[in-house]
Every structure is written in structure tokens, then in C-alpha cells.
1. Convert each backbone phi in the range A:26-43 into a coupling constant with the Karplus relation 6.51 cos²θ - 1.76 cosθ + 1.60 (shift: θ = phi - 60°), then list the ³J(HN,Hα) values in order as whole Hz, x for Gly and Pro.
2. Whose amide H sits under 5 Å from the amide H of A:ILE318, counting only residues 5 or more places off or on another chain, with H placed in the peptide plane?
3. Can you show me the helix-derived [θ] at 222 nm for chain B, built from DSSP H runs with n ≥ 4 at -39,500 (n - 2.57) apiece and divided by the number of residues, rounded to the nearest 500.
4. Please list 3J(HN,Hα) in residue order for the range B:179-187, calculated via the Karplus relation 6.51 cos²θ - 1.76 cosθ + 1.60 where θ = phi - 60°; whole Hz, with x for glycine and proline.
5. Under a GNM of chain A (C-alpha, springs under 10 Å), which listed residue has the highest mean-square fluctuation: A:GLN143, A:GLN340, A:GLN214?
6. Over the Cα atoms, compute the radius of gyration (one decimal) and Dmax (the largest Cα-Cα distance, rounded to a whole number) for the protein assembly as shown, in Å.
7. Can you give me the relative contact order of chain B as a percent, contacts being Cα pairs under 8 Å and 6 or more apart?
8. Write down the Å³ per residue value for the convex hull defined by the alpha carbon atoms of the range B:67-299.
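Any read-out appearing in this document is the output of simple, stated calculations on the displayed coordinates, not a laboratory observation. Since the structure is predicted, the reported quantities are computational estimates derived from the model, not experimental observations. Heads up, the Cβs are rebuilt from the backbone with ideal geometry, glycines too, and the neighbour counts pull from every protein chain shown.
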Amino acid sequence: MSIEAHNIRKRFGLFTALDGVDLNVPAGKLVALLGPSGSGKTTLLRIIAGLEFPDPGSGRVLFHGDDVTDLPAGRRKVGFVFQHYALFRHMSVFENVAFGLRVRGRRERPSDAAISERVHRLLELVQLDGLAGRYPSQLSGGQRQRVALARALAVEPKVLLLDEPFGALDARVRKDLRRWLRRFHDEIHLTTIFVTHDQEEALEIADEVVIMNQARVEQVGTPQQVYDRPANPFVYQFLGNVNVMRAPALAGAARRPGVAAEGAEGQIYVRPHDIELTPHASGGSGAAAIVRHIHAAGPHARLIVEQVETREQVEVEISRSELAALGVRVSDLVRLRLRQAHSFEEDYAI
Amino acid sequence: MASTFEPIPARGPRADSVTRFPVMTAARSSRSILPGFGLSLGFTLAYLGLIVLVPLSAAFLKTAGMSAHDFLAAVGSSRVMAAYRLSFGASLAAASVNVVFGFLVAWVLVRYPFPGKRLVDALVDLPFALPTAVAGIALTSLYASNGWIGRWLAPLGVKVAFTWAGVFVALTFIGLPFVVRTVQPVLQELEPEIEEAAATLGASRWQAVSRILLPELAPSLLTGFALAFARALGEYGSVVFIAGNMPMKTEIVPLLIITKLEQYDYRGATAIAVVMLVSSFLLLLLINLLQKWSRRSLAI
């Protein structure tokens with residue numbers, strides 16, 4: 001089921017959480033709402049769920065084209081997973097998952113046997129069969145999160161909403177669980193929105209990423225689109241490491257018509273892995289720079305180099321074999337060349 | 001520790017986040033993260049012995065000198081039995097009412113912002129601080145047939161002061177803070193998310209309260225009930241003014257004990273007290289067991 005939100009505004013006292021936000025999630029997609037804390041992403045998710053309502057007279061929320069803005073959460077058929085699980089502590093895993101079925105009116109409520117069957121099927125789906133009799137306090141964080149997911153799925157929601165689903169887990173579990181979520185989504189194809197502040201997480205598993213900042217949507221696109229063609233400086237800086245340099249600093253490195261027109265104020269954005277280093281002695285183009293620091297632990301080597309002309313420090317990421325071939329040490333001279341850079345006044349590519 | 005070299009158990013069925021305090025280990029091993037076990041337990045026992053056990057055992061010692069016949073005669077008379085019925089009955093009734101309304105007060109204080117909230121919050125503690133005699137006199141003058149409230153009840157045929165109902169009113173008054181103050185912090189700690197989760201799963205408001213909130217609050221409600229009940233059992237000051245103290249009708253056990261003392265019937269007084277002690281201890285024990293059972297799954 002597709003989800004649309006039009007012109008959503010929400011204020012909490014003096015704080016504007018959402019300032020005229022539009023969102024369009026096609027049916028069956030896995031979409032990430034990505035942004036720093038306070039950007040309004042959780043509020044937007046809660047408004048879609050019906051746990052929060054947009055300011056009067058502002059926007060509408062549509063599910064599959066139907067206006068659900070005034071429907072309470074319980075009647076929207078959404079599955080909501082909370083960051084801190086919000087499991088019912090006094091109920092076993094089984095009863096937690098069965099809760100949504102047990103609270104139904106007598107006519108719609110499945111029989112006990114049917115409830116039991118569905119709960120066990122869901123627990124199997126989240127790989128927790130066998131723990132049905134446990135209490136939440138006896139489970140690990142990752143297990144609790146999967147119970148919360150099974151509980152949300154028990155009511156056969158048309159939409160699945162996850163609020164920072166992996167935020168409270170440690171790094172390794174988080175990685176496992178997010179891959180699992182991707183596979184899981186590929187199996188059940190339920191329209192899913194998840195909120196995260198972790199760009200790596202969003203880029204890795206989402207079909208589409210919605211980047212939010214200060215109560216607004218900055219950019220919407222596939223992970224590759226938003227990473228390769230960020231719409232503005234905020235998105236560029238939010239998604240991964242970036243060097244922000246004054247354009248003229250590298251004028252020697254890459255002179256092209258149009259670049260000069262940018263003027264002295266123009267800034268360019270370069271990812272560390274889009275910079276090439278050549279030995280200074282080799283001559284050729286490229287700005288001269290001094291190597292200040294080499295950090296060679298991990299799959300890539302990170303170098304901090306300082307441009308001779310402007311004294312600007314630049315972070316460069318090259319493979320370790322490239323570093324070995326280059327054969328530089330701290331305080332050696334090198335030349336910088338940019339493979340790709342962005343300016344937000346004009347495309348800037350080399 | 002040897003377990004350092006054992007493989008770390010895999011996440012999964014064995015993972016267990018319940019904190020278990022190593023009480024027994026701490027008692028035995030010389031090194032512990034929680035040192036001072038021996039000292040603190042010794043102090044606790046000595047203190048409880050001095051403050052609680054010694055005075056209470058004096059009552060038992062005194063009655064130990066009585067013959068079984070004398071003992072039964074002292075506690076079994078119809079006047080004493082009537083007093084027991086009144087004390088336990090009115091205390092139970094008052095504690096039950098306090099659980100309901102104390103929960104409501106705590107709910108309002110935690111969940112809703114309103115002007116004067118701090119004042120209301122402070123007002124709850126007043127029955128703690130007020131000399132009970134003052135409370136008793138105030139209640140009596142309110143509920144007497146010419147009092148502010150009593151004069152409206154009298155035409156309806158309802159008499160509060162100097163009846164069973166008066167005892168009940170006084171015991172309700174002094175018991176309220178116990179329930180409010182035990183439920184309030186637990187309610188405050190409860191994540192609002194669990195109610196939201198219930199709502200997204202289609203639960204009505206009533207279902208969220210009855211199936212989610214009340215079970216979570218049950219241990220603290222029981223604690224509040226037990227405290228209010230225990231306090232009501234021992235209450236003397238406020239009741240003697242409003243009860244009228246008619247033998248067989250509105251005479252509470254503590255008053256009966258005082259009466260016996262004034263008649264120099266020390267053994268009779270302690271015999272009544274011993275029965276009171278044992279039965280309240282059993283009741284409180286029962287409530288504690290209930291509470292343990294209700295928080296079994298909460299793992300707190």
C-alpha cells in the first residue's frame with residue numbers, strides 16, 4: 001500500500017518539528033527517513049502511524065489514496081516498531097505477539113487455535129520459535145527487537161513503520177539485523193518506512209532514502225543517487241566524509257572553463273577517495289601538498305595532506321597498495337589531483 | 001575467575017539480562033564487587049532486633065505466662081471479637097478504597113499538567129504529617145449530625161460520626177498517601193511507548209489500561225494496599241474521636257488494649273495485642289507473596 005503525506009506541519013510549542021513536508025512512498029518499497037537528531041524524521045513517522053497528528057489545517061496523510069489523517073492509530077492498520085521495543089514486560093513472548101489479535105472484538109477475533117498457529121508462524125519468521133514462553137527480560141536486545149517486529153506483524157498491517165529499529169543495539173548485532181530486515185522485506189514486500197540517523201544503514205538497505213534536516217526534506221532518491229549526486233551541501237556532508245575546499249586552491253589542479261567563473265567564494269566538495277596522489281617529483285599538474293599524517297590501519301590508508309599554497313588540510317583515502325606504490329612518508333611532498341568534485345553552483349568534474 | 005577462559009556464550013536462548021546480585025557469593029568469597037556484606041547484614045539484623053523484635057517479643061513473653069484458659073478468655077470474649085471484626089473489616093475496606101482512589105490521584109498527578117499541581121501533590125502528604133488527633137477532631141466535627149457534611153447526610157438517614165462509617169472515613173483519610181506515594185513513582189517510570197504500542201495494535205483505551213497498565217502497576221498497588229492496611233490497623237488517634245467507642249459497636253482493637261491497660265489488666269492487653277500481631281503479620285505475608293507472584297514476570 002502506498003503512503004503519501006502532503007504539506008505536513010507540526011509544532012511543539014516554539015519548536016517546529018515539520019515545516020511543510022511532502023513524502024511519497026510507493027507500495028512495496030523499503031524507504032529510509034534519514035537525518036540528524038531533531039530533523040523531524042521521527043515526528044513524521046509518528047504522524048504517519050497516527051501516534052501524533054499534524055497541526056490543524058496543515059496536511060493530509062493518505063494510505064493507498066485514502067485519507068487517514070483523522071483515523072486513530074489503532075484503525076490505520078500500521079505495524080509500528082519502537083526504538084526501545086516497548087514490549088509488555090508482564091507477558092510472555094507468545095502473549096506479546098498475540099496481543100493485537102486478543103484485543104479484537106469478539107466477531108473478528110480468531111479462535112485460540114488460530115491465534116496460536118499465527119503466533120508460532122510469526123515467531124518462526126523472525127527466527128524466535130522456541131522462545132515463545134520466555135519473558136522479555138530474558139531476551140537479548142536483538143531478540144527483543146524481533147519480538148517487537150513479530151508483534152507488529154501479527155495484526156497483518158498494510159504498512160510497517162520502524163523508529164530507529166537498530167539504534168539501541170550494539171554494532172555487530174545492528175549489522176546482522178539490518179541485513180536480515182532487507183532479506184525479510186524482499187520476502188514479504190510490505191511497504192516499510194524506517195527512521196535512522198545512521199547514513200551507512202540507510203544507504204545499505206533502503207530502496208529509497210529521504211534525507212531530512214531542520215524540519216524539511218532535503219533530498220529523495222535511491223542510495224546511489226543521493227550519494228553520487230547530493231542535492232546540496234548538507235546532503236553531501238551528511239553522507240560520508242567530505243573535504244570542503246575553496247575552489248581556487250585547486251585551480252592549478254584542474255582548470256576548466258566555468259570553474260573560474262565560480263569566483264573566490266565558491267566552495268567545492270570532494271570525497272577523500274576521489275583524490276589522487278602522485279609523487280611531487282613526477283611533475284605534471286596538481287597542487288603541491290605536504291603529507292602531515294598517515295593512518296594505515298584498516299582496509300584503506302587515510303592521509304592528511306596540507307596544501308602548500310593555501311595551507312588547507314585535506315583528507316585523502318587511497319588503497320594500501322597505492323600507498324606502497326607511492327612510497328611517501330610524513331613530511332614528503334606530493335601532488336593532488338581530483339577525480340571528481342562538486343560545487344553547488346555548477347557541475348565540477350575532472 | 002575460571003570463566004574468563006571459557007568461550008563467551010553465544011547470543012540466543014541463553015542470553016539473560018536479568019541482574020542477579022551475588023548475595024551468597026559475596027558472603028563467602030573474600031573479594032566482591034559489593035563489599036561489606038557481613039557488616040551490613042549484621043547491622044541490619046541487630047537494628048531490626050533492637051527496634052522491632054525486642055519490643056514485640058516482650059508482648060509474647062508477657063502472654064507466655066498466661067494459661068491457655070486465661071488466654072482464650074481474654075481474647076475470645078464477644079466484646080474483643082467485635083473489636084477485631086471492626087478493626088480488620090474497616091481497615092480492609094479503607095485500604096481497598098484507597099487503592100482505587102489513590103491510583104486515580106497518582107494517575108492525575110503523573111499524567112496531566114494542570115495549574116496548582118505542586119500544591120495538590122503536597123496536599124497528598126498532609127495525612128502523614130497531621131497529628132492524628134487533629135485529623136480525628138476535624139473529621140468528627142465535619143461528620144457530626146450538625147457538621148458541614150453531616151448535616152446534609154442526616155436527613156438522608158446516613159450517620160457517619162460515632163458509627164462504623166466514621167471509623168472507615170478516618171482510616172481512609174490516614175491511608176491515602178501510602179497508595180499515592182507507592183504508585184506515583186512507578187507510574188512515572190512507565191514508558192508511554194507501551195501504551196502507544198497497545199494503541200497501534202488496535203487495543204482500546206480500556207484494554208490498554210486493564211491489560212497493560214494495571215498488570216505493570218499491580219506490585220506497587222499491592223504495596224500501597226499493604227501499607228495503608230497496616231497503618232489503618234494500628235491507627236488510634238484519629239479513630240477514637242470519630243468512633244464514639246461504644247463497646248460491641250464502634251470500639252477498635254487499639255482502644256480496647258488501652259482500656260485494658262487502664263484497668264491494670266496487662267496480660268489481657270498483651271494477649272489481644274499478640275493475636276493482632278500474629279494475624280496482621282500473616283496478612284502482610286500473604287500480601288507480600290501475592291506481590292512476589294505479580295512481579296515474577298516483571299523481573300524488577
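1. For the range A:26-43, the Karplus curve yields x, 4, x, 8, 10, 10, 9, 9, 10, x, x, 5, x, 7, x, 5, 5, 4 Hz.
2. A:ALA301, A:LEU303
3. My calculation for chain B gives -21500 deg cm²/dmol from helical runs alone.
4. Values, residue by residue: 5, 4, 6, 8, 7, 3, x, 5, 4 Hz.
5. It is A:GLN340.
6. For the protein assembly as shown, the Cα-based Rg and Dmax read 35.8, 118 Å.
7. This gives 26 percent for chain B.
8. Cα-based convex hull of the range B:67-299, divided per residue, equals 155 Å³.
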